[in-house]
Amino acid sequence: MWSKTLFFITLIFVLALIGGCATSGDDDDNQPSDDDMTDDDSADDDSGDDTAGDDTADDDTADDDAADDDTADDDSAPQGKPPVILSVNFYMWPLEFPNATNELTGSKKFDPEFEGAGIYMEYNDPDCDLVGGKIWAILDGADPVVVKTLPPNVNCSSNQSGFMMGFDLKNQFKAAGSHKVEIYWTDAANNESKHKNVYYTVGPYDHSIGTVMDDWTLLDQNGNEVTLADILASKDKAASCVWLEVLTGSCPYCNQEASELEPIYTDHQADGLRIVGIMVANASGNAPEAADLQDWITSHSITYVVVGDPNAAVTNPYFVNNYVPFNIALDGTGLIRSKMTGWSNFDATQIIESILGAE
């Protein structure tokens with residue numbers, strides 16, 4: 001009997017021991033679930049326990065929170081596509097004619113005593129939400145400053161607007177010396193464009209607006225020498241304004257300008273306007289010959305003087321970049337009053353008439 005009693009007591013003890021171990025095992029099995037509730041249980045659990053090293057599947061950090069987008073960093077991020085700056089150009093204009101046309105320059109060098117300057121940009125915005133955005137500038141590594149708030153007529157692109165968007169270089173941009181301006185845009189959703197850098201120098205230089213152009217000698221289509229001094233001292237009436245169009249035979253805007261300059265010349269020749277077309281390369285990109293000059297004169301029915309300047313030997317020092325047409329406007333003393341890259345009939349007429357009217 002005692003043996004049976006001892007057997008049952010032992011059996012009960014063993015079963016109790018096994019049952020206790022099983023209960024402990026269940027608690028251990030549940031522990032990872034409890035831990036998961038703390039560390040990574042919820043898709044919107046953004047507690048400090050979720051570090052990059054904890055869990056890769058549902059780690060709600062700024063690096064991978066694209067699906068639930070509920071961190072502070074993600075919620076404040078701009079939405080949509082940023083604007084695109086297609087090109088950045090320098091413009092200059094003589095201070096005497098602030099409303100006259102600009103000088104699109106690549107020289108990035110100007111004399112503040114004679115010239116105003118600005119930076120203009122061609123642009124495109126995929127989301128078309130530029131209105132209310134801003135143009136920013138960082139001058140020589142300083143803090144960004146807003147130089148322009150984009151107006152309602154900015155549209156989606158410079159092509160659609162029909163004009164470039166830019167800003168005048170104010171006094172803070174005109175300190176003497178060499179400078180770097182970092183330009184970028186933000187749209188209405190605060191998307192930021194890539195930055196574009198512009199380098200320029202402020203200070204007097206030899207061939208700026210406000211200096212007298214050096215005399216030169218070039219050949220016309222008949223091989224005759226033509227000098228600037230001769231043009232200025234025209235026998236019928238001394239020149240009051242000389243318009244120099246630097247051109248190439250392959251440039252479409254040069255062709256347009258040549259055709260539109262002739263009526264301007266006809267209207268103002270008696271007032272003292274002189275025009276000289278200066279070809280620096282023919283239609284093939286080679287040095288112009290007499291036949292090239294004659295073809296140009298014939299094709300555009302030109303009555304003003306046309307000369308060749310092979311390799312731009314004479315005009316190159318006056319270039320502000322390598323673009324044509326490039327125009328230089330002189331007064332009757334040979335003083336450079338304006339420069340203009342590109343062609344605008346309206347602007348050219350305004351400059352010419354301003355110079356003629358001042359004589």
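Listed values, structure above:
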item: Region 279-304, residues that are of a type outside the set (A, V, I, L, M, F, W, C), in a loop (DSSP other than H, G, I, E, B) and in contact with a Gly (Cβ under 8 Å, 6 or more places away or on another chain); result: N282, S284, P288, E289, Y304
item: The lone exception for Y265 - which of (1) surrounded by 21 or more Cβ atoms within 10 Å (Cβ to Cβ); (2) at pLDDT 95 or above; (3) not charged (D, E, K, R) it fails; result: (1)
item: Residue match in region 125-147 (condition: at pLDDT 90 or above, in a strand (DSSP E or B) and touching a Pro at 6+ places or on another chain (Cβ under 6 Å)); result: yes
item: Qualifying residue in region 289-297 (condition: closer than 21 Å to I209 by Cα and touching a residue at least 12 places away in the same chain (Cβ under 8 Å)); result: no
item: First in region 174-188 and touching a residue at least 24 places away in the same chain (Cβ under 8 Å), second anywhere and small (G, A, S) and not in a loop (DSSP other than H, G, I, E, B), Cβ under 6 Å, 6 or more apart; result: V181/A137; I183/A137
item: Boolean, V307 is part of a loop (DSSP other than H, G, I, E, B), within 26 Å of T211 (Cβ to Cβ) and either touching a residue at least 60 places away in the same chain (Cβ under 8 Å) or not assigned by TED's automatic domain parsing to the domain that holds V242 (or both); result: no
item: Residues located in region 207-227, provided they are assigned to a strand (DSSP E or B) and among the hydroxyl-bearing types (S, T, Y); result: T217, T227
item: Residue tally, condition under 12 Å from S240 (Cα atoms), of a type in the set (G, A, S) and not in a strand (DSSP E or B), over region 328-344; result: 2
item: Yes/no for G285 being farther than 17 Å from E260 by Cβ and modelled with pLDDT of 95 or more; result: no
item: Of the criteria (1) surrounded by 14 or more Cβ atoms within 10 Å (Cβ to Cβ); (2) over 21 Å from N316 (Cα atoms), which one V246 fails; result: (2)
item: Subset of region 276-287 [closer than 15 Å to E245 by Cα and touching a Ser or Thr at 6+ places or on another chain (Cβ under 9 Å)]; result: I278, M279, V280, A281, N282
item: N255, sole failed condition from (1) of a type outside the set (G, A, S); (2) in contact with a strand residue (DSSP E or B) (Cβ under 8 Å, 6 or more places away or on another chain); (3) surrounded by 15 or more Cβ atoms within 10 Å (Cβ to Cβ); (4) not in a loop (DSSP other than H, G, I, E, B); result: (2)
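Conditions tested, residue by residue: (1) at negative phi; (2) touching a Ser or Thr at 6+ places or on another chain (Cβ under 8 Å); (3) at pLDDT below 90.
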residue: G308; (1), (2), (3): yes, no, no
residue: A312; (1), (2), (3): no, no, yes
residue: N321; (1), (2), (3): yes, yes, yes
residue: V324; (1), (2), (3): yes, yes, yes
residue: A329; (1), (2), (3): yes, yes, no
residue: T341; (1), (2), (3): yes, yes, yes
residue: N345; (1), (2), (3): yes, no, yes
residue: A348; (1), (2), (3): yes, yes, yes
residue: S354; (1), (2), (3): yes, no, yes
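Okay, residues lined up against (1) at pLDDT below 95; (2) among the aromatic types (F, W, Y); (3) surrounded by fewer than 18 Cβ atoms within 10 Å (Cβ to Cβ):
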| position | (1), (2), (3) |
| --- | --- |
| K194 | yes, no, yes |
| G203 | yes, no, yes |
| S208 | yes, no, no |
| M213 | yes, no, no |
| L219 | no, no, yes |
| N224 | no, no, yes |
| T227 | no, no, yes |
| K237 | yes, no, yes |
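The values are calculated or read from the model by the stated rules, or taken from the named source; none is laboratory data. Predicted model, so just to flag it, every value in this text is computed and none were measured. Positions of Cβ are backbone-derived with ideal geometry, glycine not excepted, and every protein chain shown enters the neighbour counts.
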